[in-house]
Amino acid sequence: MSTDQPGTATPSPFAARSTVEQVEEGVALAPKFDSDGLIPCVTTDATSGEVLMLGYMNREALQLTIATGEAHYWSRSRQCLWRKGAVSGLTQEIVDMRIDDDQDAVWLRVQVAGGGASCHVGYRSCFYRTVELRGRSGEPARLTFTETSRTFDPKLVYGDAPNPTQL
Ligand SMILES: [Zn+2]
């Protein structure tokens, strides 16, 4: 990384991964990023426990999340660093941040600002549909909505910004 990128002015908060014991039992954060330089992050509502979204962080997003106490992600569809809520105002304030056993997955427990929604489609959780289990019938699996109405109208919040959902 060059020094003119944001987030690199502060020293890295990450330790090198030297032994399995250190990674599993140690007290230093030594995250493992995948071949794309990303680590997955599951984000839940700190109060209800509901899963809100699954995102990805690069080094800088993880570093900024730790430094600011606000969730930052790497947008794979837009290929850019993304401060959650920068456009919508629906920021995620971190109540608790966890790393898993082998330190290749992050769990954020957050308090969502504003209307409490986390999904760009307008729902509270990105997981607003249930997949019906159909057995082995071979029929197409159907989705049913678990949230019956949107928390906000994406058109009003995002205007003409391109939809991050890609086909
Ligand atoms: Zn979503």
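Couple of notes before you dig in:
- Residue within the range 23-32 that is touching a His at 6+ places or on another chain (Cβ under 8 Å), over 15 Å from residue 93 (Cα atoms) and of a type outside the set (S, T, N, Q) present: no
- Residue match in the range 93-102 (condition: within 16 Å of the ligand (Cβ to nearest atom), open to solvent by less than 100 Å² (accessible area, probe 1.4 Å), within 19 Å of residue 64 (Cα to Cα) and within 13 Å of the chain's Cα centre (by Cα)): no
- Residues in the range 27-85 that are more than 14 Å from the ligand (Cβ to nearest atom), surrounded by fewer than 16 Cβ atoms within 10 Å (Cβ to Cβ), among the β-branched types (Val, Ile, Thr) and within 14 Å of residue 109 (Cα to Cα): 47, 66.
- Any chance residue 105 is among the small types (Gly, Ala, Ser), surrounded by 15 or more Cβ atoms within 10 Å (Cβ to Cβ) and modelled with pLDDT of 95 or more: yes
- Scope the range 144-155; condition in a loop (DSSP other than H, G, I, E, B) and open to solvent by 70 Å² or more (accessible area, probe 1.4 Å); matching residues: 146, 148, 149, 150, 153
Let's see how each residue does on (1) within 13 Å of the ligand (Cβ to nearest atom); (2) open to solvent by less than 80 Å² (accessible area, probe 1.4 Å); (3) touching a residue at least 24 places away in the same chain (Cβ under 8 Å); (4) touching a helix residue (DSSP H, G or I) at 6+ places or on another chain (Cβ under 9 Å):
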site	(1), (2), (3), (4)
114	no, yes, yes, no
123	yes, yes, yes, no
129	yes, no, no, no
139	no, no, no, no
142	no, no, no, no
159	no, yes, no, no
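The values are calculated or read from the model by the stated rules, or taken from the named source; none is laboratory data. Since the model is a prediction, treat every value here as computed from it, not as a measurement. Positions of Cβ are backbone-derived with ideal geometry, glycine not excepted, and every protein chain shown enters the neighbour counts. What goes into the accessible areas is simple: the full protein's heavy atoms, side chains included, and nothing from ligands, DNA or RNA. Shrake-Rupley method; radii C 1.70, N 1.55, O 1.52, S 1.80 Å.
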